[in-house]
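Enquirer: Let me give you the structure first, and then I'll get to my questions.
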Amino acid sequence: MQKQIADKKIIICICAAVAVIAAVVGMLLLNKEESYRSILVYEVEGTASIERAGVGNMNAAENLYLESDDRVTVAQESSMRMKLDNDKYVMAEADTIFSVEAEGTDENSKTRIRLEQGAVTNEIQHPLSEGSQYETSTPNSVMAVRGTIYRAEIYIDDNGEKNTKLCCFQGKVGTTPILPDGTYGEEVLVPAGSELIIYSDGTVDDLRDIAYEELPEQALNNLRSMSESGQSMTGITLKDLMELTEKIDNSGNTAEVNEESGESEPEQTALSDTKEDSEYSDIDEDTADAAAARNTAGNASTRASRDVKDSGTAQTAADQPNQPEQKPQTAQGTQPKAAETADSVSSGNDNAGGDSSSGGNGGGDSDNNNQPEHDVPNYDIPSYDVPEINYPVIPPQPVTYTVTFEYQGTVFATQEVKSGERASEPLLIPAENGEWDFDFRTGIKANTTIKWKE
């Protein structure tokens, strides 16, 4: 009897242990599902890599989903953009290293960007819920926000110390310095339109207005992109941002032109002014006199051009290489003197100029000299004064479909594929065992969902 009672107690204990284990496993699975957060890489320019625990390093690619605690390295002359959930964006500039932590759900989210090197711009489009947090940390500060646009940068000063520069473009950011002993200083509230420097020893500089002209090109382009999509930046307008970015582009283009041409800027300006003057002096009296002088002096190339036009042949100014060089001289007033000299010579002998320049063509020159001078400007308008505008033909845009990769009912990655082309198998696999249930030799002709089959 006692043995039966003891056996029942053992069975009861075993059942209780199994129930506890099942409850613990269920809680772990539930927490894992609730802790899922969408961290999507949606733009990569240049090169970026991702370091994941238990997997190693992989190249960052568009439409790749990251996991919490992934460490991202953006190479020099590169950039990367991420979207967290549906309303949080992180724009990492060149030569930047950071890790991202994302836990909880959309309604109760906890996000932290741990910046180790470089600079990131954060855009939180909607105010966070009461139970949500969004922070950016550097070696000497922690920045907490509720809903704002701000940029955090780690820069090294002349003494080799790592300092943090915070610029708040919209909303407000509360930053807490981290002292050398690991304790926290007093929180400083940075309003929109202000910037603050937190030094390596935990001290902070005075607030000042953001010096937008001192921001790097990538940061300005990020701000311009957000402004064009409807966001407003305190202390600067979209027009000012466009002028700043265009100024940077134009200065770079000007430097390249000067380097290739080898000409100084004053010389280019003078040539430009000469061309502009010549365009508006085609029907001038000086132009007519100069043209008459060229005819009287027996300029063969100009005369040939006029004769061809009189005969109705469609010969363009490009066929007369010497003509464009003579027009700027006319605008500068150098040819009228030649006209006077030619007129004085031709008055004594009408055929002298024709005989000296063209040999046996004296009779033709004599006929030309007898024409009234006021008829000359009729042919002296070069065809390149009215350029022909060829409008580009825009080809029809190809149809693009979305290919979604799912693992255990969760979106693992997405791809945009043109109609008829093939989807590419993701570089990263969700599990060690299994494969994608799809023939990747098949062309995509509609929105497609591909699931992982174990």
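Enquirer: Quick one: grab the alpha carbon gyration tensor of the stretch 39-228, order the square roots of its eigenvalues as a ≥ b ≥ c, and give me rounded if a/c is under 1.5, else prolate or oblate depending on whether a/b is larger than b/c.
Expert: Since a/c stays below 1.5, the shape of the stretch 39-228 is classed as rounded.
Enquirer: So if I take the centroid of the Cα atoms in the stretch 428-453 and the same for the stretch 48-125, what is the distance between those two points in Å?
Expert: Cα centroid to Cα centroid, the span is 25 Å.
Enquirer: Give the share of C-alpha pairs in each 5 angstrom bin for the stretch 123-201, from 0 to the last occupied bin, in whole percents, shortest bins first.
Expert: 3, 16, 27, 24, 17, 9, 3, 1, 0
Enquirer: Let me ask another. What nm distance separates the two modelled labels at T234 and Q397, each placed 7 Å from Cα along Cα→Cβ?
Expert: Computed distance between label sites T234 and Q397 equals 3.6 nm.
Enquirer: Dividing the convex hull volume of the alpha carbon atoms of the stretch 400-453 by its residue count, what do you get in Å³ per residue? Before the final figure, lay out each step's value.
Expert: Numbers: hull volume 3.7 nm³, N = 54.
Hull volume normalised by residue count: 69 Å³.
Enquirer: Computed FRET efficiency, Cβ-Cβ of K162 and T448, R0 41 Å: what is it to the nearest 0.05?
Expert: Working: r = 47 Å, r/R0 = 1.15.
Efficiency at R0 = 41 Å is approximately 0.30.
Enquirer: If neighbour count is taken as other Cβ atoms inside 10 Å, put F169, F98 in order from fewest to most. Don't skip to the end; give the middle numbers.
Expert: Values: F169 29, F98 25.
Ranked by crowding around the Cβ, least crowded first: F98, F169.
Enquirer: Moving on. Figure the gain on full extension for A61 and R208 (residue separation times 0.36 nm, minus the Cα-Cα span) and round it to one decimal in nm.
Expert: Numbers: separation 147, 0.36 × 147 = 52.92 nm, distance 3.81 nm.
Contour length minus Cα-Cα distance gives 49.1 nm.
Enquirer: Another question about this same structure. Of all DSSP beta bridges in the stretch 400-453, what percent run antiparallel (nearest 5)? Working shown, then result.
Expert: Details: 11 of 15 bridges.
Beta bridges within the stretch 400-453, antiparallel portion: roughly 75 percent.
Enquirer: Tell me the Kirkwood radius of the stretch 105-167: reciprocal of the mean inverse pair distance over distinct alpha-carbon atoms, in Å.
Expert: Numbers: mean 1/r = 0.0797 Å⁻¹.
Evaluated over the stretch 105-167, this radius sits at 12.5 Å.
Enquirer: Using the per-residue mean of other Cβ atoms lying within 10 Å as a proxy for protection, in what order, highest first, do the peptides 426-434, 60-68, 43-51 fall?
Expert: Details: 426-434: 12.7, 60-68: 18.4, 43-51: 15.9.
Result, highest mean Cβ count within 10 Å first: 60-68, 43-51, 426-434.
Enquirer: Separate question: Report the far tail of the P(r) of the stretch 134-176, meaning the percent of Cα-Cα pairs longer than 14 Å. Numbers along the way, then the final one.
Expert: Values: 405 of 903 pairs.
When every Cα pair of the stretch 134-176 is considered, 45 percent fall beyond 14 Å.
Enquirer: Report the GluC sites (Glu not before Pro) located in the stretch 126-218 that are in a DSSP loop and have at most 15 other Cβ atoms inside 10 Å of their Cβ, or state none. It would help to have the intermediate numbers written out before the result.
Expert: On the way: sites: E130, E135, E153, E161, E186, E187, E195, E213, E214, E217; in loops: E130, E161, E186, E187.
Listed in order of number, the matching sites are E130, E161, E186, E187.
Enquirer: Ok, one more. Give me the distance in nm between label points sitting 7 Å out from Cα along the Cα-to-Cβ direction at I248 and E425, one decimal.
Expert: The modelled label-to-label distance comes out at 4.1 nm.
Since every read-out is calculated from the coordinates, none of them should be taken as a lab result. Everything numeric here is computed off the predicted structure, so don't read it as measured data. Note that each Cβ is placed from the backbone with ideal geometry, even for glycine, and that neighbours are counted across all protein chains shown.
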